[in-house]
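Data block below; observations after.
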Amino acid sequence: MNIVGARPNFMKVAPLHRAFSCYGDIESLIVHTGQHYDFQMSGIFFQQLYLPEPAYFLGINNGSHAQQTAGIMLEFEKILLMEKPDLVLVVGDVNSTLACALVAVKEHIPVVHVEAGLRSGDRKMPEEINRIMTDAIADHLFVTEQSAVDNLLKENIPASKIHFVGNVMIDSLLHCLNGLSVNQESAHLLSNEPGHILLTLHRPANVDELDGLVEIMAMIRKLTGLQKVIFPVHPRTLRSFELNGLLSHLRRIKNLEILAPQGYIEFLTLVKRASLVVTDSGGIQEETSFLQIPCITLRESTERPVTVEVGTNHLLPAWNAESVFHLAKQILRGNCKKGRIPNLWDGSTAGRIVTILREKYINSYVCADKRQSSD
């Protein structure tokens, strides 16, 4: 049983579902908690990633962190008791991840956490709490980079539970890139020359307060003096601009193109055509590093240090409009990291995960049954 809830989860579960479905002795079900529920944030991803309709949709899509987590737990428990799956697989670090892991563990059903071990060191981020708690109770932890292995060992997670397999996000990225290259309707999207700055912002620390929004607008004005800025606006960010009476001011900035949230293929196209990406996202740091597109991350810390150490990501703590502008200007002049692809980010991670799970949960059962029969 694979759990999805928020936008990044779909890219991680899609290659896993495909890999599971290659085997006749595995039934792969998808449960959508509803944490992201509008079509552009959720439904379009099922279409573009060729995911089947979820077996179950819980519809838990609002409320505080506590209300959302509790609501998912209550609804997921009903499904779990009815289906009695052999494994529950959770990905990433959203509320759905922790909520479903807790329910499964209390019902003595093994939990697999994909993208485990990532740590920002910032416990003010709700995602950090979700990561720590999920890793503490999961039975098998699949990690994307060496820092994640080191984090888990420091937290006294047994080494036997930890599997360094690579990054399933890159599986989806490569799958969609290959599809674009052969799809004549979409291929033209990738032919345009680079020439814009792509901006994404949604972290509460950046977008929830008036002071932060004013600084964002100052940053955008400076960046638009360097290149056109394309800004797909997250619903949370849009709502914040509206509530603070700044949306009309934002729309009047010259050389800025404001877009609705994009589907995965459309967003991937924007990344590939970008000269620079400015973001506070986690997954985009990975995608830009793989595609070797320069990235500036507007955060105090990152749970994905490999993107800074060997990738194209520049971490900018305590940022302001002036510091972003100066760094962006240097990057656009060619003073940027060339980057290299991290170890095992090769498009085959889902296959490695399924091979390990088959060995532990199918082949071991078959061997045990044969031993019992011979006895």
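Output yes when any residue across the stretch 204-219 is open to solvent by less than 50 Å² (accessible area, probe 1.4 Å), in contact with a strand residue (DSSP E or B) (Cβ under 8 Å, 6 or more places away or on another chain), under 27 Å from R333 (Cα atoms) and among the β-branched types (V, I, T), and no when none is.
No, that holds for no residue.
Every residue in the stretch 335-351 that is farther than 20 Å from C176 by Cβ, open to solvent by 40 Å² or more (accessible area, probe 1.4 Å) and in contact with a Gly (Cβ under 8 Å, 6 or more places away or on another chain), please.
If the condition is that a residue be farther than 20 Å from C176 by Cβ, open to solvent by 40 Å² or more (accessible area, probe 1.4 Å) and in contact with a Gly (Cβ under 8 Å, 6 or more places away or on another chain), then K337, R340, N343 are the ones that fit.
The values are calculated or read from the model by the stated rules, or taken from the named source; none is laboratory data. What you are looking at is a predicted structure, and each value in this text was computed from that prediction instead of being measured. With ideal geometry, Cβ positions are generated from the backbone for all residues, glycine too; neighbour counts draw on all protein chains shown. Side chains are part of the model used for accessible areas, which takes the heavy atoms of the whole protein and leaves out ligands, DNA and RNA. Shrake-Rupley method; radii C 1.70, N 1.55, O 1.52, S 1.80 Å.
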